[in-house]
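For reference, the structure discussed in these notes is given below.
The values are calculated or read from the model by the stated rules, or taken from the named source; none is laboratory data. Just so it is clear, the structure is predicted and the values come from calculations on it, not from any experiment. Glycine also receives a Cβ, built like all others from the backbone with ideal geometry; neighbour counts cover every protein chain displayed.
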Amino acid sequence: MVKQARERRTYDQECGLAYALDVVGERWTLLIIRELLLRPRRYHELLSALPGIGTNLLADRLAFLTEAGLIEPIEPGRRTGGYALTELGRSLHESILGLARFGLIVGANQPHRPSMAVRPAWAALAIEAMIDSSRASDIDEVYQFDVDGEVFHVSVVGGHASTHAGPAENPTLVAITDARTFFDLGMRRVDPIEAVVSGAVRVTGSPAAVPRCLRLIGLGGSDHAGPGSARGTAATPGGAGAGTVTTRR
């Protein structure tokens, strides 16, 4: 149950959505939750991951989320200590993934601003949002991603895909790129085949797994469409067929 928090503005509506927005509807709040979904964070890590928030505002949001029962300090009594999500906070996972999927569609139709911040740590959540298990292969395999040193992998088992932090024991496919290229791909500004051909993305492993991986994350095969489209669950890019990728060993 959510604890009674400090005096704040409220929608004052007997509605589940309104109650939720009373707690997480303020600016920066869901982005703080995003960071803590990835792993517990220290105060300075959150400050670095959220450029523009300011120290006083971050402290205020953390205090409110603690009072609301969504996060808890790892080192109670230390303002600059670490924070982790509670069970209630972790229950926001699926909601945040849904918003991220919506945001991929919105972002694909926005003018590109190279000055926008990107962080490698955001890549795993982005991939998790892009995945649609209904497009998963019936072949069990593992796709590993390395985005500026942030390593995570996607396991496909029995037609279901799941995302995991850290390297895989024996990945079928490994894709290595930088954060800017990764998010340009996710926002459908760059064609994945062109990214591989240009060397912006380096791929090693089974060539046969490449089109299956691209299709799973909505970037290949029959999922291709123009970068401005918004059909299905996400906009997808135009370009060559995924099966033409040549991997490097």
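At-a-glance table
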{"quantity": "Pair list, Cβ < 9 Å and 6+ apart or interchain, from region 27-41 residues that are outside the structural domain of His164 (by TED's automatic domain parsing) and free of Cβ contacts under 8 Å to residues at least 40 places away in the same chain to residues that are in a helix (DSSP H, G or I) and surrounded by fewer than 16 Cβ atoms within 10 Å (Cβ to Cβ)", "calculated": "Arg27/Leu57; Trp28/Leu57"}
{"quantity": "Of all residues in region 9-47 being β-branched (Val, Ile, Thr) and closer than 21 Å to His93 by Cα, the one that is surrounded by the most Cβ atoms within 10 Å (Cβ to Cβ)", "calculated": "Ile32"}
{"quantity": "Hey, Glu94 exposed (fewer than 13 other Cβ atoms within 10 Å of the Cβ), at pLDDT 95 or above, within 29 Å of Met187 (Cβ to Cβ) and of a type outside the set (Ser, Thr, Tyr) or not", "calculated": "yes"}
{"quantity": "Filtered residues of region 79-131 (kept if among the polar types (S, T, N, Q) and assigned to a loop (DSSP other than H, G, I, E, B))", "calculated": "Thr80, Thr86, Ser91, Asn109, Gln110, Ser115"}
{"quantity": "Meets criteria (out of contact with any Gly (no Cβ under 7 Å at 6 or more places or on another chain), farther than 22 Å from Val190 by Cβ and among the acidic types (Asp, Glu)) for Glu87", "calculated": "yes"}
{"quantity": "Filter pass, Ile127 being under 16 Å from the mean Cα position of the chain (by Cα) and at pLDDT 95 or above", "calculated": "yes"}
{"quantity": "Some residue of region 137-150 being exposed (fewer than 15 other Cβ atoms within 10 Å of the Cβ) and in a strand (DSSP E or B)", "calculated": "no"}
{"quantity": "Qualifying residue in region 193-203 (condition: at pLDDT below 95, assigned to a helix (DSSP H, G or I) and touching a helix residue (DSSP H, G or I) at 6+ places or on another chain (Cβ under 8 Å))", "calculated": "yes"}
{"quantity": "Residues satisfying the stated conditions in region 67-91, i.e. out of contact with any helix residue (DSSP H, G or I) (no Cβ under 7 Å at 6 or more places or on another chain), small (Gly, Ala, Ser) and either in contact (Cβ under 8 Å) with a residue 60 or more places away in the chain or surrounded by 14 or more Cβ atoms within 10 Å (Cβ to Cβ) (or both)", "calculated": "Gly82"}
{"quantity": "Some residue of region 48-66 being in a helix (DSSP H, G or I), within 18 Å of the chain's Cα centre (by Cα), modelled with pLDDT of 95 or more and surrounded by fewer than 18 Cβ atoms within 10 Å (Cβ to Cβ)", "calculated": "no"}
